[in-house]
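Engineer: After the structure tokens below, expect a handful of questions from me.
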Ligand code: SF4
């Protein structure tokens, strides 16, 4: 399978405006720059962004980047103000997956040295919830690597979710793989708020990234989730060799599905997976993708997910002009940047964290490296010298540390 991008990421395109004054390449056809802000105003007025407009955003030149982000920000600000919502990922079961998703370090075809363990015991899941609350997370994302949950895993989730909600007031997003209608109903009944199950890419490209289940299987799970009265969290991974048309097709499908939450991952191509060392994204590509998702689904929560630090690099803050949500802390099998760096970035932008869990038992926010939630690994981003906190970090995150630098898609996992 070809894994190289099949389209240039910053191509000159007839839909994309360039003018002689904005390009040194006289051979390019001079056309007016699209009025991205007008497109945003039309979206605000209720007119859906078209496929062609979405493609034009993805292919827009770097010199249009601020205009594209300005348009996306118009919609972001209208629906979410300057708020940023934080999510906390917990890899409750790692590795050992029978599926063959090419991008995933936990698949059966991956030789990446990720931690392998079955679903964690209650104390570890609760310790992670405490950490999530201390880090100002709104939502605790409980993830397992699996085609779908077995009965033991379902029961573990049903047992822990009410306890976490009662003690920490966190919203719960379950990412357990393919679900039956009955499993979705059970998740709703035990207090799960939303289910994550990513489309990952377009229907037509799906067979290139996975053969053990289909795109239709994933869509069916999302219908079960919706029918059970749960919120839908579904997004994708950019940089797997798909075309711009694939990315836009996925975005349009997520709009049709009315996904309340859209996580956008940028492939962290991992040694040991079939997609090792294939991703060729630039920070500008990532920003254009985020802007496009915002313009297509203006009211959806848009989360910059796996690959944020790797691909956006110094341009991470600009991503929040389109997106309104981040993961705080580590990803499933890789480390994120220290939480304090995220808090600082949000403060520097003049944005604010909102929606943090506010339960009577939750710890104070970990914005100053306080020892109550210190992981003892210097992740507070503070001045050091604290000697580490008194609270041990949940085992999975410690295990993640052993895989530092390996990377995965970020939200990988069964739903990702
Ligand atoms: S993405 Fe999920 S289903 Fe696919 S291999 Fe990874 S853990 Fe398994």
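The values are calculated or read from the model by the stated rules, or taken from the named source; none is laboratory data. Remember, it's a predicted structure, so these values are computed and weren't measured experimentally. When we count neighbours, we look across all protein chains shown, and the Cβ atoms used for this are built from the backbone with ideal geometry, even at glycine.
Engineer: If you scan segment 191-231, which residues turn out to be within 13 Å of the ligand (Cβ to nearest atom) and out of contact with any strand residue (DSSP E or B) (no Cβ under 9 Å at 6 or more places or on another chain)?
Structural biologist: Those that are within 13 Å of the ligand (Cβ to nearest atom) and out of contact with any strand residue (DSSP E or B) (no Cβ under 9 Å at 6 or more places or on another chain): 211, 212, 213, 214, 217.
Engineer: Quick one: in segment 145-163, of everything that is within 16 Å of the ligand (Cβ to nearest atom) and either at pLDDT below 95 or more than 24 Å from the chain's Cα centre (by Cα) (or both), which residue is surrounded by the most Cβ atoms within 10 Å (Cβ to Cβ)?
Structural biologist: Checking each candidate, the answer is 145.
Engineer: Identify, by number, the condition in (1) more than 16 Å from the ligand (Cβ to nearest atom); (2) closer than 23 Å to residue 237 by Cβ; (3) surrounded by fewer than 24 Cβ atoms within 10 Å (Cβ to Cβ) that residue 49 doesn't meet.
Structural biologist: Condition (3) is where residue 49 drops out.
Engineer: Would you check if residue 137 is in contact with a strand residue (DSSP E or B) (Cβ under 8 Å, 6 or more places away or on another chain), within 16 Å of the ligand (Cβ to nearest atom), under 29 Å from residue 273 (Cβ atoms) and part of a loop (DSSP other than H, G, I, E, B)? Break it down stepwise before answering.
Structural biologist: Working: in contact with a strand residue (DSSP E or B) (Cβ under 8 Å, 6 or more places away or on another chain): yes; within 16 Å of the ligand (Cβ to nearest atom): no; under 29 Å from residue 273 (Cβ atoms): yes; part of a loop (DSSP other than H, G, I, E, B): yes.
Spelling it out, it is not the case that residue 137 is in contact with a strand residue (DSSP E or B) (Cβ under 8 Å, 6 or more places away or on another chain), within 16 Å of the ligand (Cβ to nearest atom), under 29 Å from residue 273 (Cβ atoms) and part of a loop (DSSP other than H, G, I, E, B).
Engineer: What are the residues in segment 164-189 that are assigned to a loop (DSSP other than H, G, I, E, B) and within 16 Å of the ligand (Cβ to nearest atom), if any? Walk me through how you get there before you give the answer.
Structural biologist: The initial filter retains those residues of segment 164-189 that are assigned to a loop (DSSP other than H, G, I, E, B), namely 169-170, 176-180.
176, 177, 178, 179, 180 - these are the residues of segment 164-189 that are assigned to a loop (DSSP other than H, G, I, E, B) and within 16 Å of the ligand (Cβ to nearest atom).
Engineer: How many of the residues in segment 69-111 are farther than 29 Å from residue 123 by Cβ and away from the ligand (no atom under 16 Å from the Cβ)?
Structural biologist: 16
Engineer: Residue 133 - would you say it is in contact (Cβ under 8 Å) with a residue 12 or more places away in the chain, within 20 Å of residue 306 (Cβ to Cβ) and crowded, with 19+ Cβ neighbours inside 10 Å?
Structural biologist: Details: in contact (Cβ under 8 Å) with a residue 12 or more places away in the chain: yes; within 20 Å of residue 306 (Cβ to Cβ): no; crowded, with 19+ Cβ neighbours inside 10 Å: yes.
Against the criterion (in contact (Cβ under 8 Å) with a residue 12 or more places away in the chain, within 20 Å of residue 306 (Cβ to Cβ) and crowded, with 19+ Cβ neighbours inside 10 Å), residue 133 does not qualify.
Engineer: Could you grab me the full set of residues in segment 242-284 that are surrounded by fewer than 24 Cβ atoms within 10 Å (Cβ to Cβ), assigned to a loop (DSSP other than H, G, I, E, B) and in contact with a helix residue (DSSP H, G or I) (Cβ under 7 Å, 6 or more places away or on another chain)?
Structural biologist: Selection gives 257, 281.
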